[in-house]
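> Following this message is one structure expressed as structure tokens.
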């Protein structure tokens with residue numbers, strides 16, 4: 001079983017729709033949960049991070065962490081064509097522990 | 001604030017040749033990372049530096065890859081000799097905290 005599972009299947013949605021992305025993980029030591037956005041031919045950029053369980057909202061983006069189920073989600077409301085990118089989940093136990101990344105989800109928002 | 005700088009942006013080499021990548025992190029960030037990202041995959045950590053010291057190099061193929069961080073600032077990653085399977089994007093990142101990593105644009109390596 002991989003440490004972080006993220007279904008890499010591409011996702012196409014019409015502009016204005018809600019985008020829902022998720023990852024599962026197996027390492028119960030993970031405490032920090034991140035979502036990175038990566039545009040084509042660019043490096044990943046940190047979108048949101050959450051410590052432990054709970055929800056976090058930032059504008060049109062909401063991150064949810066359910067540690068009991070080892071499941072995290074990212075929701076994008078009122079999606080825009082500029083949201084078209086690959087979204088990577090990443091997790092860490094903190095301290096000097098490395099980030100474990102999912103494979104990424106390619107999202108295309110159609111105008 | 002300037003971001004993480006990397007060079008070159010693109011490199012094409014033949015197998016068995018050597019190649020080197022350079023990274024300049026964000027000023028003040030003590031931790032520097034090198035990642036390998038193969039097409040369709042998430043980044044895989046190759047090596048992590050804390051100032052001058054290596055924190056984690058467990059996934060670095062040490063028979064062909066080497067990295068150093070000079071004076072706790074710039075870093076270079078070298079591959080010698082390159083193999084076809086080394087074709088990937090090599091990302092450098094720096095951070096003030098593990099969960100808050102800032103990535104450079106990457107170097108796209110093609111080994112033919």
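> Hey, can you tell me all the residues within region B:23-39 that are touching a strand residue (DSSP E or B) at 6+ places or on another chain (Cβ under 8 Å), outside any strand (DSSP E or B) and under 15 Å from residue B:74 (Cβ atoms)?
B:25, B:26, B:28, B:29, B:30
> Something else about it: If you check residue A:95 against the conditions, is it within 14 Å of chain B (Cβ to nearest Cβ), without any contact (Cβ under 8 Å) to a residue 24 or more places away in the chain, surrounded by fewer than 21 Cβ atoms within 10 Å (Cβ to Cβ) and within 25 Å of residue B:29 (Cβ to Cβ)? Steps first, answer last, please.
Values: within 14 Å of chain B (Cβ to nearest Cβ): yes; without any contact (Cβ under 8 Å) to a residue 24 or more places away in the chain: yes; surrounded by fewer than 21 Cβ atoms within 10 Å (Cβ to Cβ): yes; within 25 Å of residue B:29 (Cβ to Cβ): yes.
Taking the combined requirement at face value, the residue satisfies it.
> If residue A:41 satisfies every condition in (1) more than 14 Å from chain B (Cβ to nearest Cβ); (2) at positive phi but one, which is the exception?
(1)
> Condition first: within 11 Å of chain B (Cβ to nearest Cβ) and assigned to a loop (DSSP other than H, G, I, E, B). Now tell me which residues in region A:98-111 satisfy that. Write out each step before concluding.
Pass one, region A:98-111, residues within 11 Å of chain B (Cβ to nearest Cβ): A:98-106.
Residues satisfying the conditions are A:98, A:99, A:102, A:103, A:104.
> Let me ask something else. Which one of the conditions (1) without any contact (Cβ under 8 Å) to a residue 60 or more places away in the chain; (2) assigned to a strand (DSSP E or B); (3) over 17 Å from residue A:18 (Cβ atoms) does residue A:88 fail to meet, given that it meets all the rest?
(1)
> Checking residue A:74 against (1) crowded, with 21+ Cβ neighbours inside 10 Å; (2) within 14 Å of another protein chain (Cβ to nearest Cβ); (3) not in a loop (DSSP other than H, G, I, E, B): exactly one of these is not met. Which one?
(2)
> If only one of A:69, A:26, A:53 is surrounded by fewer than 17 Cβ atoms within 10 Å (Cβ to Cβ) and touching a strand residue (DSSP E or B) at 6+ places or on another chain (Cβ under 7 Å), which one is it?
Step by step, each of A:69, A:26, A:53 is checked, and only A:53 is surrounded by fewer than 17 Cβ atoms within 10 Å (Cβ to Cβ) and touching a strand residue (DSSP E or B) at 6+ places or on another chain (Cβ under 7 Å).
> Does at least one position in region B:1-11 carry a residue that is loosely packed, with under 14 Cβ neighbours inside 10 Å and modelled with pLDDT under 95?
Scanning region B:1-11 turns up at least one residue that is loosely packed, with under 14 Cβ neighbours inside 10 Å and modelled with pLDDT under 95.
> Is it the case, given these coordinates, that residue A:82 is more than 13 Å from chain B (Cβ to nearest Cβ), out of contact with any helix residue (DSSP H, G or I) (no Cβ under 9 Å at 6 or more places or on another chain), closer than 30 Å to residue B:7 by Cα and surrounded by fewer than 17 Cβ atoms within 10 Å (Cβ to Cβ)? Let's see the steps before the verdict.
Values: more than 13 Å from chain B (Cβ to nearest Cβ): yes; out of contact with any helix residue (DSSP H, G or I) (no Cβ under 9 Å at 6 or more places or on another chain): yes; closer than 30 Å to residue B:7 by Cα: yes; surrounded by fewer than 17 Cβ atoms within 10 Å (Cβ to Cβ): yes.
Yes, satisfied.
> Would you say residue A:63 is in a loop (DSSP other than H, G, I, E, B) and either modelled with pLDDT of 95 or more or out of contact with any helix residue (DSSP H, G or I) (no Cβ under 6 Å at 6 or more places or on another chain) (or both)?
It is false that residue A:63 is in a loop (DSSP other than H, G, I, E, B) and either modelled with pLDDT of 95 or more or out of contact with any helix residue (DSSP H, G or I) (no Cβ under 6 Å at 6 or more places or on another chain) (or both).
The values are calculated or read from the model by the stated rules, or taken from the named source; none is laboratory data. No experiment lies behind these values; they were computed from the predicted model shown. Please note: Cβ atoms are built from the backbone with ideal geometry, for glycine as well, and neighbour counts cover all protein chains shown.
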